[in-house]
Amino acid sequence: MAPDRRRPRRWRMFAAQVGYQNRMLLRSPMAAFSTLALPVVVLLAVTLLNSGRTLPSRGGIDFSQFFAPAMVAFAVMVAGYVNVLTGVTLARDRGVMKRMRGTPLPPSLYFAGRLASTGLVTALAAVAIVTAAVAVYDVTVPWSAMPAAALTVVVGVVCFAALGLAVAGIIRSGQSAMAVAWGTLLPLMFISDVFLPLDTGPSWLRDLGSAFPPRHLAIALETAFNPRTGNATPRWGDLGVLVAWAVAASITAFMLQRRPA
């Protein structure tokens, strides 16, 4: 049987696409700052303003112990949703999608490369956030729960990247992509335990936040980083919600991609 020469070629195309997406991110000051630098800046500033504050509803942990994983969730959402949404719409406006049809690169490898690049950038951002939190605010890292946290980050990246693709299929112009991305994400962050814990907030507000994926991502990561109430087991219920949103968004994105222009 003759060896299949297509597989090595596809791997090379995939690796090239990952490298290309990484270079495009680094060449975009806004995308690079919002993904890699902004979460660290917000972490340092907001934690300083809440210095000495403890959270009785989270077992009496310091505010920094809550806010570090919250900023990891922030980075996941920005890299997966904001960057994918804006990147895909701008690429479409520039004719990249149409030109791709005349190349050996299949659309599946293009999107797989973008997803892998998003995962790499998110991992880098997460390491930077946790390192800054440990170095500056002496945040405790429960190492036994880090596999659960890593799994949560992976599922979160897939979920929010799929949501970014779905919304990109709805937006007709790349000029409005940034406004739509932040305009739909920021309000949800405020009701999703990202900037402040809502444990003692109105029940209707917590219920509203629980209807969307940001709160499930934030709670799952915050639980993994809580040395007093957390454990090494992933929060399967929250991950299940993220997977359900990812599947629904992927189906929506696929249908929108196939519709006539």
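Key figures
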{"quantity": "Unique match (being part of a helix (DSSP H, G or I), within 24 Å of Val40 (Cβ to Cβ), free of Cβ contacts under 8 Å to residues at least 40 places away in the same chain and under 15 Å from the mean Cα position of the chain (by Cα)) among Leu188, Leu217, Leu221", "calculated": "Leu188"}
{"quantity": "Residues located in the stretch 197-236, provided they are in contact with a Cys (Cβ under 8 Å, 6 or more places away or on another chain) and hydrophobic (A, V, I, L, M, F, W, C)", "calculated": "Leu217"}
{"quantity": "Hits in the stretch 191-205 (condition: outside any loop (DSSP other than H, G, I, E, B), without any contact (Cβ under 8 Å) to a residue 12 or more places away in the chain and of a type outside the set (S, T, N, Q))", "calculated": "Trp204"}
{"quantity": "The stretch 171-185: number of residues that are at pLDDT below 90, part of a helix (DSSP H, G or I), surrounded by fewer than 17 Cβ atoms within 10 Å (Cβ to Cβ) and not hydroxyl-bearing (Ser, Thr, Tyr)", "calculated": "1"}
{"quantity": "Those residues of the stretch 127-143 which are over 18 Å from Phe63 (Cα atoms) and either under 20 Å from the mean Cα position of the chain (by Cα) or among the small types (Gly, Ala, Ser) (or both), in sequence order", "calculated": "Val127, Ala128"}
{"quantity": "Which listed residue is modelled with pLDDT of 90 or more and on the phi < 0 side of the Ramachandran plot, from Ala166, Ala261", "calculated": "Ala166"}
{"quantity": "Within the stretch 51-99, tally of residues that are of a type in the set (Ser, Thr, Tyr) and in contact with a Gly (Cβ under 8 Å, 6 or more places away or on another chain)", "calculated": "4"}
{"quantity": "The stretch 194-215, subset within 18 Å of Ala75 (Cα to Cα) and modelled with pLDDT of 90 or more, residue surrounded by the fewest Cβ atoms within 10 Å (Cβ to Cβ)", "calculated": "Phe195"}
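Table: residues versus (1) touching a helix residue (DSSP H, G or I) at 6+ places or on another chain (Cβ under 7 Å); (2) within 21 Å of Met30 (Cα to Cα).
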{"site": "Pro142", "(1), (2)": "yes, no"}
{"site": "Pro147", "(1), (2)": "no, no"}
{"site": "Gly174", "(1), (2)": "yes, yes"}
{"site": "Ser192", "(1), (2)": "yes, no"}
{"site": "Pro197", "(1), (2)": "yes, no"}
{"site": "Ser203", "(1), (2)": "no, no"}
{"site": "Phe212", "(1), (2)": "yes, no"}
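The values are calculated or read from the model by the stated rules, or taken from the named source; none is laboratory data. Treat the numbers as computed from the prediction; the structure is a model and nothing was measured. Glycine gets a Cβ as well: all are built from the backbone with ideal geometry, and neighbour counts include every protein chain shown.
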